[in-house]
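So the structure is just underneath, and the comments pick up after that.
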């Protein structure tokens, strides 16, 4: 596991670099709880000293999105994965990269289906969701506004 946080590349309002952190994930499914903790700790860091408005409901939504994305990466990708969290103005960008090139798709809503709702949940909670293939694997990116709890989308 490699966890880093700091200011890297680009510019935020006021000429400050964006804040980001990342977590390297191996094949061990126990990293899901750690990823949720990293997300909450990161949002606490940007909220307090940086003065970025982050409401409690947003922290909970981000933890759920991180949990779903990391769970899917660990479940469906044979190799390593990487979680990256980055503040971009008033938005938190959550990126998960994994080594499986197969792009996921949300299943049609079915309240009787047990499981396989992760991508539906992320789609409903994120402001935007992007899924793209990379040279090796894929990257899923979810943007979440920091100032207010996201309004749930109809599933």
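Among the residues making up segment 139-155, those that are surrounded by 11 or more Cβ atoms within 10 Å (Cβ to Cβ) and either at pLDDT 95 or above or farther than 18 Å from residue 86 by Cα (or both) are 139, 140, 141, 142, 143, 144, 153, 155. When each of 55, 62 is tested for being surrounded by 13 or more Cβ atoms within 10 Å (Cβ to Cβ), more than 16 Å from the chain's Cα centre (by Cα) and in contact (Cβ under 8 Å) with a residue 60 or more places away in the chain, the lone residue that passes is 55. The requirement of being closer than 20 Å to residue 25 by Cα and under 18 Å from the mean Cα position of the chain (by Cα) is not satisfied by residue 89. Among all residues of segment 19-36, there is at least one that is modelled with pLDDT of 90 or more, under 20 Å from residue 123 (Cα atoms) and in contact with a strand residue (DSSP E or B) (Cβ under 6 Å, 6 or more places away or on another chain). The set of residues in segment 86-126 being in contact (Cβ under 8 Å) with a residue 60 or more places away in the chain and surrounded by fewer than 18 Cβ atoms within 10 Å (Cβ to Cβ) consists of 88, 89.
The values are calculated or read from the model by the stated rules, or taken from the named source; none is laboratory data. Since we're looking at a predicted model, the values are computed, not measured. Using ideal geometry, Cβ is built from the backbone for each residue, glycine included, and neighbour counts are taken over all protein chains shown.
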